[in-house]
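To start, the structure under review is shown below, and the notes come after it.
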Amino acid sequence: MNQGPYVLKLYVTNITPRIQTAIDSLKQLCQENLDGQYELQVIDIRENPQLAEDERILATPTLVKELPPPLRRVIGDLSDQEKVLLGLDIISGV
Amino acid sequence: MPLFTSSPSKPTLERLPSGIPGLDHLTGGGLPKGRVAMICGTSGSGKTVFASQFLASGIEQYDHGGVFIAFEETPIDIRKNMTSFGWDIEQWEKDEKWRFVDAGLRPQEEEFLIDGEFNLEALRTRIAHAVEQTKAERVAVDSLAAVFTRFREPGMVRRELFLIVEMLRDLGVTAVLTTELIQASGDTTRFEVEEYVADTVVILRNRMDHIRRRRTLEIMKLRGGSHQSGQHAMSITERGISAVSIGSYALDQPSTKQRIPSGNETLDEMCGGGFYQDSVTIISGATGTGKTLTAMQFLAGGGANGEKCLLISYEESRAQLIRNANAWGIDLEAMEKNGQLLIECAFPESISLEQHLDKIRLYLEEFQPDRIVVDSITAMERVTELEYYQEFVLSLTSLIKQRQVAGLYTSTTDHLSNVSSVTEKNISTLSDAIILLRYVESEGQIARSITVLKMRGSFHDKTIRRFEITKEGLQIGEAFLRQSGVLGGLRL
């Protein structure tokens, strides 16, 4: 299951209460499922448009799992933990 | 034939000339500036080329920077594909004139969508960033269908689209957005967004006609001004899209009283002093009556007058033309060596009518002849329907008159003696002069006759004259004075 540290990047535009809820939910999800072996960066694309350009982000919020490969993106309601795990390829099909 | 309104009235919205040949005339000056135009078409209709050309023309002709938002094709593919039109996108990117916003999903990438709890603000931010950095005045988005497919929620996507359009308006750029047509004969796009979003809607079609694909461009809607309606012929050549329309040049060219030699002194006399510089003359006759000879003499006359000539031949090969001309004492090769003659031979079937027209336009622009011969114009008739043939002749005539190039078309009649044939009726009104070459029955023999049937704006000889073809070419003799019914009278 665990293949080394996870590098996750969350691209947002502005941190609304909803987004904050999602961030908290993600942190919890990572604690529980990734054995604490993770790094979660939150990137506000309004302040870093070049990063959005480099990663070709169109939608927000977008969660990108950079490591371990393969690269995966999840877009949408990130407080739905099961779907997030599925989308990040951390668990297989439910 | 497409319908068109009279010359478009003064637009209420300021226009941005697109730089795409023919389009600015059809839209009455260009696209509404600072607004959004939707370019709809089926796959293969040329949407991506249109979008690219809008930016390329902006850079080449007006020094407008451009941002290309690529949802469907990758920037790498677009750069590669567009070099065939001579657009060096990579260089423009280095010069900060062209910027891509790479908005596609690579095939190997996976994207997981959970519900509709997201928006496309990131895309908007990236677009705004790119526009501000390049100070772009033009934006192209290709294609909207890809956005709908990728994000799967039409309601959300439409809302976001609206926001993007608003943003583009705030940025002051003029934008073209490509989208898919449900079917070639319809005018509803696949996701039905155009009404809400666009000030201009252009439809590109690529349909089977006869035995060949026919491309058309239609301006379905244009806010803030009138436009030419109907489907207009369009072609994609090695220079990109061209939509030169019939109305582009017709009837607003200046007229001149300057005369030029026809290449035959007697014929000059019959025409009251020669042809006019800005005229189109039709030489009509059955096969073998001497049309090509007359056309060759016209070329020779131009050559002797220090003029440049363009010869378009749809009937004979270069070698045949040169050999036949030599037999009449006309040295085409010498004219070519002098830089006074350009010969282009082609089968009418080889390419579409629009492509033929575009080739000729290219020659006119680059070689800048004073005279043009088309031998024969009626060869085009056999490869298409009558209305497209008429359109072709009209467009060609407009093109050459605008440039005040003297034109001569040879026209083959169906019957050996009738005054006019069905197709000739359709093109004869276009011409300024008509010269008939006919076989006639005279005193128990078949003789050749020449007559100037029409010569706009000038006195001309009304007699029917006998002529012979000799080593020196056309030798015009006496009129058939004592006989009547000469023209209509031959029964074979």
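The values are calculated or read from the model by the stated rules, or taken from the named source; none is laboratory data. The structure displayed is predicted, hence computed values, not measured ones. Note that each Cβ is placed from the backbone with ideal geometry, even for glycine, and that neighbours are counted across all protein chains shown. For the accessible areas, the whole protein counts, side chains as well, though only heavy atoms, and no ligand, DNA or RNA atoms are used. Shrake-Rupley method; radii C 1.70, N 1.55, O 1.52, S 1.80 Å.
Values computed for the structure shown
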item	result
Number of the exception - A:Ile75 against (1) open to solvent by 70 Å² or more (accessible area, probe 1.4 Å); (2) within 30 Å of B:Phe100 (Cα to Cα)	(1)
In the stretch A:29-40, residue surrounded by the fewest Cβ atoms within 10 Å (Cβ to Cβ) [restricted to those that are under 12 Å from the mean Cα position of the chain (by Cα) and without any contact (Cβ under 8 Å) to a residue 40 or more places away in the chain]	A:Glu39
Identity of the residue in the stretch B:127-156, more than 38 Å from the chain's Cα centre (by Cα) and closer than 26 Å to A:Leu10 by Cβ, that ends up most open to solvent (accessible area, probe 1.4 Å)	B:Arg152
Members of the stretch B:341-367 that are open to solvent by less than 30 Å² (accessible area, probe 1.4 Å) and not hydrophobic (A, V, I, L, M, F, W, C)	B:Glu344, B:Pro348, B:Ser352, B:Glu354, B:His356, B:Asp358, B:Arg361
Condition check for B:Gly301: without any contact (Cβ under 8 Å) to a residue 24 or more places away in the chain and not aromatic (Phe, Trp, Tyr)	no
Any chance B:Ser284 is in contact (Cβ under 8 Å) with a residue 40 or more places away in the chain, crowded, with 23+ Cβ neighbours inside 10 Å and either of a type outside the set (Val, Ile, Thr) or closer than 24 Å to B:Lys359 by Cα (or both)	yes
Identity of the residue in the stretch B:104-118, closer than 28 Å to B:Gly41 by Cβ and in contact with an Asp or Glu (Cβ under 7 Å, 6 or more places away or on another chain), that ends up most open to solvent (accessible area, probe 1.4 Å)	B:Leu105
Test: A:Leu63 is more than 7 Å from chain B (Cβ to nearest Cβ) and within 25 Å of B:Phe148 (Cβ to Cβ)	yes
Which listed residue is open to solvent by less than 10 Å² (accessible area, probe 1.4 Å) and either under 26 Å from B:Lys308 (Cα atoms) or at pLDDT below 90 (or both), from B:Ser442, B:Ser449, B:Ser458	B:Ser442
Flag for B:Arg403 being surrounded by 21 or more Cβ atoms within 10 Å (Cβ to Cβ) and of a type in the set (D, E, K, R)	no
Residues located in the stretch B:240-265, provided they are modelled with pLDDT of 80 or more and surrounded by 16 or more Cβ atoms within 10 Å (Cβ to Cβ)	B:Gly240, B:Ile241, B:Ser242, B:Ala243, B:Arg259, B:Ile260, B:Pro261, B:Ser262, B:Gly263, B:Asn264
Pairs where the first residue, in the stretch B:101-128, is at the interface with another protein chain (Cβ under 7 Å from one of its Cβ atoms) and within 11 Å of A:Ala59 (Cβ to Cβ) and the second is of a type in the set (Phe, Trp, Tyr) and not in a helix (DSSP H, G or I), C-beta under 9 Å, 6+ apart	B:Ala103/B:Phe71; B:Ala122/A:Tyr11
Identity of the residue in the stretch B:368-380, outside any loop (DSSP other than H, G, I, E, B) and over 17 Å from the mean Cα position of the chain (by Cα), that ends up surrounded by the most Cβ atoms within 10 Å (Cβ to Cβ)	B:Val373
